[in-house]
Amino acid sequence: MASAPSSSSGLHLPDSARELVKILVAGPFGVGKTTLIDSVSEIRPLHTEEQLSEASVAVDDLAGVRDKTTTTVAIDFGRISLNGGIVLYLFGTPGQERFRSLWAEIAYGALGALVLVDTRRIDDSFEVLGLVEDAGLPYAVALNTFPDSRQYTEEQLRTSLDLDPGTPMIACDARDAHASVDALSSLVQHLLIRAGRGGAAAGMRRAPR
Amino acid sequence: MTGRRSGRPLVPAYVSTGGKTRPSRNSLERLSVLTGLTICPGESAAGPSGGAGPPLPDPGAPPGVRTEPAVRTEPGVRTDSGVRAEPAVRHDPRQPRAEARQEVRRPRHTPGAAPPVPGDLPAAQRTLLGTLDGGSLTVVETAAVLALPVSAVRVLAAHLIDLGLVSARPPIPYAAQPDLDLLERVADGLRALKL
């Protein structure tokens, strides 16, 4: 508790903040969720320690994590102040089935999810996609590219991840702020299209700004 | 269903709590915005800086000079700096205090509207109130700053809300629930970021 305020420089919300929205950044451990959040967040990513429920503990035990006595998980988050009093929060959300109990609460009110995928271990992302779809969240897939990533065609990846044709899939270096913002933009455009308004049309109309 | 050995029947929650309900607790989301309505007196004693570590220097003070005693009785002063450099807010004997506080402190709230902080306010609540000294924070940010679970901050904040010391508002005004227009403005905002 004691050290917190010294790192809270600029933490308090701007007076202009009117609407606070959130987007989940979901993915398996080590895929780069916090890296992405860090690259775009105006505050240094913060985290909360979340308690897992009893049900989750049982699943934990079944998974064979015998020596795991703590049942907390850290949720990292960051924020971006946008024009017009909108503050966008990004919640890094782990993609394990045993965190399902957390999902409902964290996903509540979220606009959508950006699912980060590491193409070196695509299998790890299946659980996340399942959780996102079960939560009813619209999502876009961002392929966090690593130097030793194998090259797949988009078709191969889409088939492998079993993506809906309309689901955006973009390459994204999570360390790069521009790439990360681009990925978030793709997601929001997708949300707009889903909500019934053509994202491209909206973009063109507002292009002269 | 009333299988209690004592024979006392189960009572509805609203009776067992003396009719006092706490609607504020359930409505606090992660992104609900908490705003302090009052200034916590004696925050330095129980506040975030009261634990480990020396108080940070006053941003408005000459370097190397500690202007504030470790324990203060004046309300409205804080030992944690860096959140906002607003030296006029701090109580300085050389300044007209009431003016400074009314003008700078809480422009959105009428000073004096909030009840005084009870002397027996638990330290945890006091600390939370101190965290909101300087601006609004979301529930989840408050939890991160205080290194507490979100659920704990909900309970502490609800207590403060019940006492009228803190206000909370939902992340998005109820009148403007997430809709197309909001999505468009988020998209526009992200686009503007890239420029």
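The values are calculated or read from the model by the stated rules, or taken from the named source; none is laboratory data. This one's a predicted model, so the numbers in the text were calculated from it and none came from an experiment. All Cβ positions, glycine included, derive from the backbone under ideal geometry; neighbour counts span all protein chains shown. When the accessible area is computed, the model is the full protein with side chains, heavy atoms only, and any ligands, DNA or RNA have been set aside. Shrake-Rupley method; radii C 1.70, N 1.55, O 1.52, S 1.80 Å.
On the beta carbon distance between residue A:123 and residue B:123, with R0 = 60 Å, the FRET formula returns roughly 0.80. Per the accessible-area calculation with a 1.4 Å probe, the total area buried between chain B and chain A rounds to 4700 Å².
Peptide packing for A:87-93, B:151-157 was compared via the average number of neighbouring C-beta atoms within 10 Å per residue; ordered from the highest value, the list is A:87-93, B:151-157.
Of the beta bridges in region A:15-204, as assigned by DSSP with both residues counted there, near 30 percent are antiparallel. Ranked by the mean number of other Cβ atoms within 10 Å of their residues, highest first, the peptides A:102-113, A:157-168, A:119-130 come out as A:102-113, A:119-130, A:157-168. With N counted as the residues of region A:15-204, its alpha-carbon radius of gyration over 2.2 N^0.38 Å works out to 1.03. From the square roots a ≥ b ≥ c of the eigenvalues of the alpha-carbon gyration tensor of region A:82-179, which class results: rounded (a/c under 1.5), prolate (a/b over b/c), or oblate? Oblate.
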